[in-house]
Structure formats: C-alpha cells, structure tokens
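Engineer: First the structure, then my questions, so here it is.
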Amino acid sequence: HTAKSMVSGWKSYRVLTPELADPNAWQQGETPLQCEYRSTRPAFALVLLGTNDVYEVSPAAYEANMRDIIEISIDNGVVPIMSTVPLRTDEYSSQVQTFSDIIRRLASEYNVPLWDLYNEVYNLPNHGLSSDKVHLSAPGDDLDRTCDFTGDNLQYGMNLRNLSALKILDSLLKTYVW
C-alpha cells in the first residue's frame, strides 16, 4: 500500500491530518504527507494545494498549512516545488490571487522552487479553465489527451500544467547534484 496524500480535491489541511492517513500504510501519529514521504521516498514533490481551500480556509490558516508542508518536506529530505493556484473566474478569484501571493512569498522565504502555474495558464483561452470556471481545461474534455504537448493541445490548462510540471522537474534534475 501507499499513503494517500495525493488525492484530487484535498484541502491543504487534509495532508496534515493524521486521522486521514492510510491505515494500511501509516505509522502511529503520521500525517498523510509524512506517510507518503516515508512510503515513496521522493526527491521532489509537486505541491499544488489551494484551489479547494479558497472557499473554506483563511489566508492565515492556508499560509500556516503551507509552511508546515514545506517544513515537513524539507525535514524529510524532499524538495517541495510550490505551485501557485490557477486562477478561478468565479467569486473566489481574489482569494486565489491572495493564496498564490502567499506561495510566491513562501517559496522565496524558504528558497524552494516556485512553479508559477497561475501565470503559466493565465494567458490561455479562458485562462486555461473549463466551462465550470474552476477546473483546468482539457482538449475536448478528454483527459487521455492531457499529455499531448503538440499543436492546439497547448491551449488547454491541463496540458500546459502537465508540460510545465515536466519542465520544472527536468530543470531541477539538471540542477541538483546527486
């Protein structure tokens, strides 16, 4: 079994809640994030949390959660790659900007890599969003094509997110000395 800190739709505090760790993989008192790191031993972690926090978590609580995630990552020898939150064009758009600013500041403060997904997808049609104005768009809403990085496919938020994630990982792999 592997830990389950990589769950679509989770809020930042959930990866820090021990009761939510996989009972088949966790050790007493571990958070899902700690369990994930112990189980998989990654060198890097793409940290993209906040899209679902904006309607429930205050900026101060979000910042505290993200600090904890960064510190747990560093303490476990994992380089956290902190992602800004992609724009939402609903009533939470200003909160998304606030959360993205928090991520930018924390990445600088902790000297960890910044993956500025907000700016990566901002200039795409509909800011890279699907018709629900929350989730990133996909070609024809076909998730099977979200790793096709050719032609018009790069006009979709999921495709550009996936490509930019690969680019930042490639850059870090070339930078870090093993």
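The values are calculated or read from the model by the stated rules, or taken from the named source; none is laboratory data. What you are looking at is a predicted structure, and each value in this text was computed from that prediction instead of being measured. In this analysis, Cβ positions are derived from the backbone assuming ideal geometry, glycine residues included, and neighbour counts consider all displayed protein chains. Accessible surface areas use protein heavy atoms only, side chains included; no ligands, DNA or RNA. Shrake-Rupley method; radii C 1.70, N 1.55, O 1.52, S 1.80 Å.
Engineer: Angle, helix 59-75 long axis vs. longest principal axis of the chain, Cα atoms, 0 to 90°, nearest 10?
Structural biologist: 60
Engineer: Under 1.5 on a/c is rounded, so check that first for the stretch 94-178, then, if it is not, pick prolate when a/b is larger than b/c and oblate when it is not; a ≥ b ≥ c are the square roots of the alpha carbon gyration tensor eigenvalues.
Structural biologist: Verdict is oblate for the stretch 94-178.
Engineer: Continuing with the same structure: Which stretch or stretches of the stretch 6-33 have amide N atoms under 15 Å from the point lying 7 Å from S130's Cα along the Cα→Cβ direction?
Structural biologist: 8-10
Engineer: OK, next. Normalising by the residue count of the stretch 20-93, find the relative contact order in percent from Cα pairs under 8 Å and 6+ residues apart.
Structural biologist: 36
Engineer: A further question follows. Just going by the charge dipole of the chain, with Lys and Arg at +1 and Asp and Glu at -1 on Cβ, which of Y13, N111, N162 is farthest out on the positive end?
Structural biologist: The Cα lying farthest towards the positive end belongs to N111.
Engineer: Still on this structure: What whole number of Å gives the distance from the Cα centroid of the stretch 82-151 to the Cα centroid of the stretch 1-77?
Structural biologist: Cα centroid of the stretch 1-77 versus Cα centroid of the stretch 82-151: 19 Å apart.
Engineer: Still on this structure, I have one more. Might you report the magnitude of the Cβ-based charge dipole of the stretch 60-164 about its Cα centre, with Lys and Arg at +1 and Asp and Glu at -1, to the nearest 20 debye?
Structural biologist: 180
Engineer: Further, regarding this structure: Treating only the Cβ of Lys, Arg, Asp and Glu as charged (+1, +1, -1, -1), what charge dipole size does the chain show about its Cα centre? Round to the nearest 20 debye.
Structural biologist: Result for the chain is approximately 340 debye, rounded to the nearest 20.
Engineer: Continuing with the same structure: Run the numbers for E91 and D170: contour at 0.36 nm per residue of separation, minus the present Cα-Cα distance, in nm.
Structural biologist: Roughly 24.9 nm would be gained on extension.
Engineer: Would you list D22, D90 from the most to the least accessible area, probe 1.4 Å?
Structural biologist: Solvent-accessible surface, decreasing: D90, D22.
Engineer: Just need the relative contact order of the chain here, percent rounded to a whole number, with Cα pairs under 8 Å and 6+ apart.
Structural biologist: In percent, rounded to a whole number, it is 15.
Engineer: Taking only Cα atoms, what is the 0 to 90° angle, nearest 10, from helix 93-110's long axis to the longest principal axis of the chain?
Structural biologist: Here the helix axis deviates by roughly 50 degrees.
Engineer: Okay, moving on. Would you check the accessible area of E56, probe 1.4 Å, heavy atoms only, in square angstrom rounded to 10?
Structural biologist: Rounded to the nearest 10, that gives 100 Å².
Engineer: Is the shape of the stretch 37-178 rounded, prolate or oblate, going by the alpha carbon gyration tensor and its root eigenvalues a ≥ b ≥ c, with a/c under 1.5 for rounded and a/b larger than b/c for prolate?
Structural biologist: Verdict is oblate for the stretch 37-178.
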